[in-house]
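The values are calculated or read from the model by the stated rules, or taken from the named source; none is laboratory data. No experiment lies behind these values; they were computed from the predicted model shown. Quick reminder, even Gly has a Cβ in these numbers, built from the backbone with ideal geometry, and neighbours come from all protein chains shown.
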Amino acid sequence: MKCGKQYDDVKIWNTGKAPRCQSCNGVILSHPVYSHVGIYESDYQKANDWMSRTELVLIVGSKGMYGTYFNRRKQGTRLVQINPQSTQFDDVVDLNIVKESDEVFELLS
């Protein structure tokens with residue numbers, strides 16, 4: 001986004017199209033994901049808790065490991081990556097699907 005403004009209201013993602021900034025009309029990115037930073041301590045703790053209880057992690061389109069969430073997964077958690085490109089996850093996943101995510105999810109629907 002051009003102006004760097006941050007939007008915290010999750011409702012902007014439920015409009016059916018890419019949300020745009022009211023100030024600069026730039027496309028709003030999901031800040032914690034695209035900046036690789038956990039902004040809110042409570043959300044960071046929640047993510048760690050979820051990872052510690054999960055049985056399956058889908059890694060979709062990520063370029064690499066961000067933060068410590070990944071290391072918090074419980075023993076035996078299965079890891080599946082969907083990405084047409086090679087990533088840092090290639091050597092640690094149980095299943096590596098080398099395709100575009102849209103193509104994979106279309107086949108599953």
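Restricting attention to region 44-102 and to residues that are of a type in the set (Phe, Trp, Tyr) and part of a helix (DSSP H, G or I), the residue that is surrounded by the fewest Cβ atoms within 10 Å (Cβ to Cβ) turns out to be Trp50.
Would you be able to tell me the number of residues in region 26-51 that are modelled with pLDDT of 75 or more and β-branched (Val, Ile, Thr)?
Applying the first criterion (modelled with pLDDT of 75 or more) to region 26-51 yields 26-28, 41-51.
Among the residues that remain, those that are also β-branched (Val, Ile, Thr) are: 27-28.
So the count comes out to 2.
When Thr54 is tested against (1) touching a Lys or Arg at 6+ places or on another chain (Cβ under 8 Å); (2) of a type in the set (Val, Ile, Thr); (3) at pLDDT below 90, just one condition goes unmet, and that condition is (3). Only residues that are modelled with pLDDT of 75 or more, surrounded by 12 or more Cβ atoms within 10 Å (Cβ to Cβ) and either in a loop (DSSP other than H, G, I, E, B) or in contact with a Lys or Arg (Cβ under 8 Å, 6 or more places away or on another chain) (or both) were counted across region 1-23, and they come to 3. Selection of first residues in region 48-62 that are over 23 Å from Val98 (Cβ atoms) and of second residues that are assigned to a helix (DSSP H, G or I) and modelled with pLDDT under 90, restricted to Cβ pairs under 6 Å at least 6 apart or on distinct chains, gives the following pairs, ordered by first then second residue: Asn48/Arg72; Met51/Tyr69; Met51/Arg72; Ser52/Arg72. Quick one: in region 66-109, of everything that is under 15 Å from the mean Cα position of the chain (by Cα) and β-branched (Val, Ile, Thr), which residue is nearest to Met51 (Cα to Cα)? Per the criteria, the residue is Thr68.
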